[in-house]
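Q: If you scroll down you'll find the structure; I have some questions about it.
The values are calculated or read from the model by the stated rules, or taken from the named source; none is laboratory data. As the structure is a computational prediction, the values presented were derived from the model and not from experiment. Cβ coordinates were reconstructed from backbone atoms using ideal geometry, including for glycine residues, and neighbour counts include every protein chain displayed. Just the protein is used for accessible areas: all its heavy atoms, side chains included, with ligands, DNA and RNA removed. Shrake-Rupley method; radii C 1.70, N 1.55, O 1.52, S 1.80 Å.
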Amino acid sequence: MPAYTDDLVGAFLTPPAMLPQLVPSRICLQCDVCCRFPDPDSALRPYFTENEILRALATGAEEAAFPDRGGSQVILVPDSHGEGYLCPMFDAGTSTCRIYEHRPLDCQLYPLALMWDEPHDQILLGWDTKCPFMREEVPGEIQRHADRVMTLFDQPGTHDQVVANPRLIGQFQEDVIVLARLPRLTDALAGRWGSAPLHRFTVDDIPRMTAALDRRGWHGDQPLAAYSPAYHYMWNGLLSYWWMELQGAFCLFAQSPDGWFMPLPPIGAGPIDAPLCEAMGLLRRWNGDSPVSRVENVSIRSVPEFERLGYRVTPKEPDYLYRAADLAALSGDRYKSQRALCNRCEREQSIEMRAYEVRDRQDCRALLGDWSRQKRAEGLESFGAMLLEDATPAHEVIWSQASALRVAGRVVRIDGRLCAYTFGYWLTSTTFCVLLEVTDRTLPGLGQYLFREICRMAVAQGAEYINTMDDAGLPGLRASKQAYHPAMLIPNFVASLVRES
Ligand code: SF4
């Protein structure tokens, strides 16, 4: 870990003026609203700018809390004494913030909040009625406090910080009482990020994206697994996802530590020329000429269109697609080894399988920890190890939001202990996609058994095909996917603009 010395903090990271505090700390210490969250992907988890991250690291915060050192919401940690999640800077024993003197602007502001109005036209300053103190305080005093805070938004340091970090502005919340409109900040945001509203991709946007995908239709094609909200949303802790409506198309954007890209082409019923041109214009504005500006998960049907528009299209790992009936039956010589392992598992273990429920979350967490240790002990390819590091926050999102994401889960218990889980979603009415599978690797055949059972469940519900996504370029994963005899590999491409020399 790099040394974040006092000198470094002092020389480069002098915090901007602290915002005045309205709520007395004796009230905060008795309250259990702040710093605690019901879900790992909570839109309200605190956002740290680049300098705030450096200050937090210098005062003892863990690097793992910040997926993007250029600015990110923290990765929440499970509350070991309850059901929900905590800010990793929160000390549950004393109900205090470990970095209080260096806490970010986002936290200093609370219980005031910056948010968009409902049509996403104007930035508002409001007060959050979830704070119990604000419900009792005299409105005149709150307004005077808000006025003091607003003068700080006019100071260049704070103003520029907000404009450079649009995630400091939350979505409209009905329980936040509006105190003021902030037109100067609204105009500055539009000047920096574009005039079309840029929305954070939250769980409430899942139906909107699903409807856009349904309108687009598949016309007999087999879509890539990426054409589903759950596929992207689960990574919301590590990447930051945004969406815009451009020329009638739903455009999804992802912000990574390297810059912005489109994880999918624009999703609309009509031609993609106009929305794509506008979206790429925005990417260039946000990234400069960085090659990170690209469109991922381009289907083979769209390749000619991208090439006609001047894009360079390169292949990446394809998705594996199987006939569902083959995987449910595992009959014939070609599935002999998988069938033998399933039989062994059934013979040796007394298996109980049922639908996943949120109360299984704690046991799933323990299994994921065991599974990661087992994988590491087996010796992982370096990219595989990196994927494993990233997996935990993504699994947390699935455990917490399975139902909102329309993801179905199954858990296996053996002698009462949770030994395996799997999640998947319906990509089309006849294709089921297996998203996650985690099993105790010390139990022979359990992985094969679980995979066959989820395929049987899908067949019973009408599946003709099973998509198991790509192999991430990992030879071990490729071999095990090939061993199930895919009916086809669905080609997948990345499109980037050809740069003029
Ligand atoms: S940084 Fe501190 S004040 Fe902000 S949410 Fe975390 S624990 Fe609470």
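Q: Filter region 128-181 for residues that are under 30 Å from the mean Cα position of the chain (by Cα) and acidic (Asp, Glu) and give the result.
A: Correct list: 128, 160, 174, 175.
Q: Next question. For region 309-324, enumerate the residues that are of a type outside the set (A, V, I, L, M), within 15 Å of residue 495 (Cβ to Cβ) and at pLDDT 95 or above.
A: Correct list: 311, 312, 314, 315, 316.
Q: Can you tell me which residue among 185, 112, 124, 168 is under 30 Å from residue 406 (Cα atoms), among the hydrophobic types (A, V, I, L, M, F, W, C) and either without any contact (Cβ under 8 Å) to a residue 40 or more places away in the chain or open to solvent by less than 20 Å² (accessible area, probe 1.4 Å) (or both)?
A: Only one candidate qualifies: 168.
Q: Here's another thing I want to ask about it. Residue by residue through region 27-58, note down the ones that are within 20 Å of the chain's Cα centre (by Cα) and more than 13 Å from the ligand (Cβ to nearest atom).
A: Listed by number, the residues that qualify are 38, 39, 40, 41, 43, 50.
Q: Considering region 83-109 alone, what residues qualify as being in a loop (DSSP other than H, G, I, E, B) and either near the ligand (Cβ under 8 Å from one of its atoms) or of a type in the set (Val, Ile, Thr) (or both)?
A: Step one: list which residues in region 83-109 are in a loop (DSSP other than H, G, I, E, B), which gives 83-84, 87-89, 92-95, 98-99, 103-104.
Listed by number, the residues that qualify are 87, 88, 89, 94, 98, 99, 103, 104.
Q: Do any helices (runs of 4 or more DSSP H) lying entirely in region 306-412 carry at least 2 residues that are closer than 30 Å to residue 291 by Cβ and open to solvent by less than 40 Å² (accessible area, probe 1.4 Å), and which ones are they?
A: Details: elements: 324-329, 336-348, 361-378, 382-401.
Of the helices (runs of 4 or more DSSP H) lying wholly inside region 306-412, those with at least 2 residues that are closer than 30 Å to residue 291 by Cβ and open to solvent by less than 40 Å² (accessible area, probe 1.4 Å) span 382-401.
Q: Taking the condition more than 10 Å from the ligand (Cβ to nearest atom) and part of a helix (DSSP H, G or I), does residue 146 pass?
A: For residue 146, the condition - more than 10 Å from the ligand (Cβ to nearest atom) and part of a helix (DSSP H, G or I) - is met.
Q: Of the conditions (1) within 26 Å of the chain's Cα centre (by Cα); (2) away from the ligand (no atom under 13 Å from the Cβ), residue 24 satisfies every one except a single condition; which number is it?
A: Tallying (1) within 26 Å of the chain's Cα centre (by Cα); (2) away from the ligand (no atom under 13 Å from the Cβ), residue 24 fails exactly one: (1).
Q: Any chance region 423-432 includes a residue that's in contact (Cβ under 8 Å) with a residue 60 or more places away in the chain, open to solvent by 10 Å² or more (accessible area, probe 1.4 Å) and under 26 Å from the mean Cα position of the chain (by Cα)?
A: So far as region 423-432 goes, yes, one or more of its residues are in contact (Cβ under 8 Å) with a residue 60 or more places away in the chain, open to solvent by 10 Å² or more (accessible area, probe 1.4 Å) and under 26 Å from the mean Cα position of the chain (by Cα).
Q: May I ask you to verify whether residue 55 is open to solvent by 60 Å² or more (accessible area, probe 1.4 Å), assigned by TED's automatic domain parsing to the domain that holds residue 113, of a type in the set (D, E, K, R) and modelled with pLDDT of 80 or more?
A: no
Q: Also: For region 249-280, which positions are touching a Pro at 6+ places or on another chain (Cβ under 8 Å), part of a loop (DSSP other than H, G, I, E, B) and not β-branched (Val, Ile, Thr)?
A: Scanning region 249-280 gives 257, 266, 268.
Q: Touching a helix residue (DSSP H, G or I) at 6+ places or on another chain (Cβ under 6 Å) and either in a loop (DSSP other than H, G, I, E, B) or within 13 Å of the ligand (Cβ to nearest atom) (or both) - does that describe any residue in region 72-82?
A: So far as region 72-82 goes, yes, one or more of its residues are touching a helix residue (DSSP H, G or I) at 6+ places or on another chain (Cβ under 6 Å) and either in a loop (DSSP other than H, G, I, E, B) or within 13 Å of the ligand (Cβ to nearest atom) (or both).
Q: What's the total number of residues in region 433-447 that are buried (at least 18 other Cβ atoms within 10 Å of the Cβ) and either more than 14 Å from residue 372 (Cα to Cα) or without any contact (Cβ under 8 Å) to a residue 12 or more places away in the chain (or both)?
A: Looking only at that region, the number is 7.
Q: Any residue at all in region 122-136 that is modelled with pLDDT under 90, among the aliphatic types (A, V, I, L, M) and in a loop (DSSP other than H, G, I, E, B)?
A: Within region 122-136, none of the residues are modelled with pLDDT under 90, among the aliphatic types (A, V, I, L, M) and in a loop (DSSP other than H, G, I, E, B).
Q: Name every residue in region 240-288 that is of a type in the set (A, V, I, L, M), closer than 26 Å to residue 70 by Cα and touching a residue at least 40 places away in the same chain (Cβ under 8 Å), in order of residue number. Explain how you work it out, then say what you get.
A: Initially, region 240-288 is screened for residues of a type in the set (A, V, I, L, M), giving 244, 246, 249, 252, 254, 262, 264, 267, 269, 272, 274, 276, 279-280, 282-283.
Next, from what is left, pick out any that are closer than 26 Å to residue 70 by Cα: 244, 252, 254, 262, 264, 279-280, 282-283.
Residues satisfying the conditions are 244, 252, 280, 282.
Q: Inspect region 93-104 for any residue being within 23 Å of the chain's Cα centre (by Cα) and not basic (Lys, Arg) and give the result as yes or no.
A: Yes, there is a match, as at least one residue in region 93-104 is within 23 Å of the chain's Cα centre (by Cα) and not basic (Lys, Arg).
Q: I'd like to know if region 292-302 contains one or more residues that are within 30 Å of residue 403 (Cβ to Cβ), out of contact with any Asp or Glu (no Cβ under 8 Å at 6 or more places or on another chain), buried (at least 18 other Cβ atoms within 10 Å of the Cβ) and not assigned by TED's automatic domain parsing to the domain that holds residue 426.
A: Within region 292-302, one or more residues are within 30 Å of residue 403 (Cβ to Cβ), out of contact with any Asp or Glu (no Cβ under 8 Å at 6 or more places or on another chain), buried (at least 18 other Cβ atoms within 10 Å of the Cβ) and not assigned by TED's automatic domain parsing to the domain that holds residue 426.
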